[in-house]
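Report on one structure; see the data block that follows.
The values are calculated or read from the model by the stated rules, or taken from the named source; none is laboratory data. As the structure is a prediction and not an experimental result, all values here were calculated from the model. Cβ atoms come from the backbone with ideal geometry, glycine included; neighbour counts cover every protein chain shown. Accessible surface is based on the protein model in full, side chains and every heavy atom, while ligands, DNA and RNA are left aside. Shrake-Rupley method; radii C 1.70, N 1.55, O 1.52, S 1.80 Å.
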Amino acid sequence: MKSRLLLPLGLALTAAFPALAAPTVSRLTPPSELFSSGNPAPVIARFLPDQRFDLQATIRPDEASRSITSARLAIDGQAVEAPVALHPCTSGCNKGVPDNAMIVTARAVSVKKPGLHEFTVLATQSDGQTVTARGNFEVVPLVAGGQKIRNIIILLGDGMGAAQRTAARIVAGGYAQGKVIQPLAMDTFPVTGMVKTSSLNSVVTDSSPGMTAYVSGNKNNNNEEGVFPDDTVDPFDNPRIEYLSEYLHRTQGKALGIVTTADVFDATPAGNAVHTSFRGAGTGIVDQFFDDRRLTGLSVLMGGGRKWFLPATTPGSARGDKTDYAFSATDAHTADIPRRWGASPGAMDKDRDLLDEFQKSGFRYAPTRTALDAIDPKQTDTLLGLFALSNMNVALDKIDGRRGRKSGVNGSVVDDYGLPDQPMLDEMAAKALAVLDRKPKGFVLMVEGASIDKQAHNMDTERWMLDTIEFDRTVKLVRDYAERRGDTLVIVTADHECSGAALIGGSRLTDARLVEQIAKGGKENVRDPVVGVYEQAGFPRYTLAADGYPETTNIDYRLLVGYGANADRYEDWRTSPLPLQDSQQPFVKQEPLSTYPAMPFARKMGGNFLVTGQVPGESAVHTATDVPLSAFGPGAYAFTGVIDNTDVFFKVAQAAVRGVVPFDHGAPAHKKKEKASTLR
């Protein structure tokens, strides 16, 4: 007798009766593994109790002649109270999404009950067929604690990995017989952990999700800020996530301060207050800073970026309709953003004078260091400082300018830029603290050392070293402030590491001898007799001037740095006399800036020592390496171990909302809440 293969009932029916076409759900937001793979873990999206976020689904009909006629969004089986908007893709969706697809959205949803929650979408097609999909998210519980912190200060060294911190310590602090002579300020923090930095769509993050993870508790895609990805082409209509600044301003009345050495539209500053899927949309980004300040509590904004605040007709302005937004009042998909979130509807207003509007609303304005120094913080509680048209100059070039060194083409580099009177990062931070200290409900302040990253991309070693020293001087200022107050949590970390920087050793030659070797050229002269490894590296000794920066970086027996994520470049180990051209500067193609080297490959060619890169292109890139995080003040001991970047948000919120929880170093994670309850 022949044997028969018995198929499971479902497979047997499928074989006998081909499946009917049906509509599909191609995207469900917030992102979850439950939707993507069918696995309930790991949980991707997490929120605080009552933290707001958007629900969204993309529904695709099974045929071009059919449409989606209705949809229902629910959490734990209960229909959401927020209105559900249906947005047809005929209004503009990403390539590959059919015109008859429907974007289904509920704005500004929140859940108070802690725990794991399941959300669903149920959609009906024009022929009566239905489709459903489910995802999950977690509302993270906050437990009763002790002291509630008043102020939160996040010091973000963009691109600053362990190597960048160590290099700054060697240059600024020095070593004697293996011991550090003067530690960095960030080295004195009592707690240091390690942070995993991946974004929603890559193990290697860029600065946008690298920042927003810390202040939203969620992963974003690369290049996106404060939003989940969607299928529309509009960069300002993505599903939103409420920021720490928005949450604490709404629930506690805290103010927000943002200080950076970059253009203020840049990824890290924008990633504290702005919601967009395109980090380059500068006009809309700076408009959001101002128009939605009542949501974020924005009270201090300082850095570069004046080009976004000037009317489009003004020379140097970068404002334009292509980087702006205006929400439709008749399409509920975007109209619900102002209605539900309370956000500004936006406007296509490239000729807007935003600088004037900030000042008329009460912000004191400083375009220079001198003007900043003249502002009495007792006379204002809002401050705008814009010290360059785009990114500010880096510490090395600002210090050379202050010392009167003719390091540029027509004087110093800052003279070439026409910006000889820029403040240092610690000077900006000091004024920001003086203004924000008067806020009765406290504040959230983010201070960014932006060009640690930008100069690491350029593989401009001494420039990122000095920017790290500038950053650490700011760390000391903030630590001293927090120590005086006793109610302020300070976090020092990075959004990611940049360039794979490696401290490979020390030069075996005096600087004069190195110059001679460079003149001879080739690796047999510029590498082999120069690079000292192991005991040949010794202890490089830099002498600091009264201003706290090295008298010169071209010292004898200097520190040598290599790169593991570099593009092709020439190396001669000496400090580059000029920085690279900054493509974001409006007048970069005019002299004298046009005479600056355009890319890393175009400098240091005289030594004829070519270092072949591991990556294509002209610049070094970010890496997936974990980064250090150091903490000081009440709540600091929550930041030990190896943690995800999104964990930082919930640890900060715990200390600010329910109070600091006593921390037991030996208690397993799942026991810490039980332990805390016995210690209260």
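Remarks
- Listed by first and then second residue, the pairs linking a residue in segment 415-431 that is closer than 14 Å to D373 by Cβ and aromatic (F, W, Y) to a residue that is outside any helix (DSSP H, G or I) and open to solvent by 30 Å² or more (accessible area, probe 1.4 Å), with Cβ atoms under 8 Å apart and 6 or more places separating them unless they lie on different chains, form an empty list.
- Hey, I518 hydrophobic (A, V, I, L, M, F, W, C) and either under 35 Å from the mean Cα position of the chain (by Cα) or closer than 30 Å to I154 by Cβ (or both) or not: no
- Scope segment 132-158; condition open to solvent by less than 20 Å² (accessible area, probe 1.4 Å) and either over 30 Å from T493 (Cα atoms) or assigned to a strand (DSSP E or B) (or both); matching residues: A133, G135, N136, F137, V139, N151, I152, I153, I154, L155, L156, G157
- Scanning segment 292-346 for residues that are more than 14 Å from R107 (Cβ to Cβ), in a helix (DSSP H, G or I), open to solvent by less than 30 Å² (accessible area, probe 1.4 Å) and not β-branched (V, I, T) yields a total of 2.
- Residues of segment 629-645 satisfying the condition of being surrounded by fewer than 21 Cβ atoms within 10 Å (Cβ to Cβ) and either aliphatic (A, V, I, L, M) or under 19 Å from M211 (Cα atoms) (or both): V642, I643, D644
- Evaluation of W573 against the conditions (1) in a loop (DSSP other than H, G, I, E, B); (2) open to solvent by 60 Å² or more (accessible area, probe 1.4 Å); (3) of a type in the set (F, W, Y) shows that the sole unmet condition is (2).
- First in segment 35-52 and within 19 Å of V652 (Cβ to Cβ) and open to solvent by 30 Å² or more (accessible area, probe 1.4 Å), second anywhere and in a loop (DSSP other than H, G, I, E, B) and of a type in the set (V, I, T), Cβ under 7 Å, 6 or more apart: R46/V140
- A366 meets each of the listed conditions (1) open to solvent by 40 Å² or more (accessible area, probe 1.4 Å); (2) modelled with pLDDT of 95 or more apart from (1).
- Here K398 does not fit the description of being among the charged types (D, E, K, R) and modelled with pLDDT under 95.
- Condition met for D263 (open to solvent by 30 Å² or more (accessible area, probe 1.4 Å), touching a residue at least 40 places away in the same chain (Cβ under 8 Å) and out of contact with any Asp or Glu (no Cβ under 9 Å at 6 or more places or on another chain)): no
- Hits in segment 596-615 - residues which are open to solvent by 40 Å² or more (accessible area, probe 1.4 Å) and either of a type in the set (A, V, I, L, M, F, W, C) or within 28 Å of the chain's Cα centre (by Cα) (or both): A598, M599, F601, A602, M605, L610, Q614
- From the list A273, A262, the one residue that fits, being within 19 Å of F387 (Cβ to Cβ) and within 19 Å of the chain's Cα centre (by Cα), is A262.
- Scanning segment 316-373 for residues that are among the hydrophobic types (A, V, I, L, M, F, W, C) and over 23 Å from M392 (Cα atoms) gives A326, F327, A329, A332, A335, I337, W341, A343, A347, M348.
- Residue ID - surrounded by the fewest Cβ atoms within 10 Å (Cβ to Cβ), chosen from residues in segment 576-595 that are hydroxyl-bearing (S, T, Y) and under 28 Å from the mean Cα position of the chain (by Cα): S583
- Residue match in segment 133-151 (condition: among the basic types (K, R), touching a residue at least 24 places away in the same chain (Cβ under 8 Å) and out of contact with any strand residue (DSSP E or B) (no Cβ under 6 Å at 6 or more places or on another chain)): yes
- Residue match in segment 488-503 (condition: at pLDDT 95 or above, in a loop (DSSP other than H, G, I, E, B), farther than 18 Å from V191 by Cα and open to solvent by 10 Å² or more (accessible area, probe 1.4 Å)): yes
- In segment 187-207, the residues that are farther than 30 Å from P31 by Cβ form Cβ pairs under 7 Å with partners that are open to solvent by 20 Å² or more (accessible area, probe 1.4 Å) and at pLDDT 95 or above, at six or more places apart or across chains, as follows: D187/R169; F189/F632; P190/F632; V191/Y637; V191/T640.
- Scope segment 67-93; condition outside any strand (DSSP E or B) and open to solvent by less than 60 Å² (accessible area, probe 1.4 Å); matching residues: S67, G77, V80, A82, C89, G92
- Looking at R240, R250, just one residue is of a type outside the set (A, V, I, L, M), touching a strand residue (DSSP E or B) at 6+ places or on another chain (Cβ under 9 Å) and under 28 Å from V139 (Cβ atoms), and that residue is R240.
- Flag if S126 is in contact (Cβ under 8 Å) with a residue 60 or more places away in the chain, open to solvent by 50 Å² or more (accessible area, probe 1.4 Å) and farther than 23 Å from S277 by Cα: yes
- Among all residues of segment 535-544, there is at least one that is outside any loop (DSSP other than H, G, I, E, B), modelled with pLDDT of 95 or more and buried (at least 18 other Cβ atoms within 10 Å of the Cβ).
- Of all residue pairs spaced 6 or more apart or on separate chains, those with beta-carbon atoms under 8 Å, a first member in segment 597-620 that is part of a loop (DSSP other than H, G, I, E, B) and a second member that is β-branched (V, I, T) are N608/V526; F609/V526; V615/V621.
- Count of residues meeting criterion [under 30 Å from H496 (Cβ atoms), touching a strand residue (DSSP E or B) at 6+ places or on another chain (Cβ under 8 Å) and not charged (D, E, K, R)] in segment 544-568: 10
- Of everything in segment 94-111 that is of a type outside the set (G, A, S) and surrounded by fewer than 18 Cβ atoms within 10 Å (Cβ to Cβ), the residue that is nearest to A21 (Cα to Cα) is P98.
- Residue count for segment 217-240, restricted to those that are within 24 Å of G157 (Cβ to Cβ), in contact with a Pro (Cβ under 9 Å, 6 or more places away or on another chain) and in contact (Cβ under 8 Å) with a residue 24 or more places away in the chain: 6
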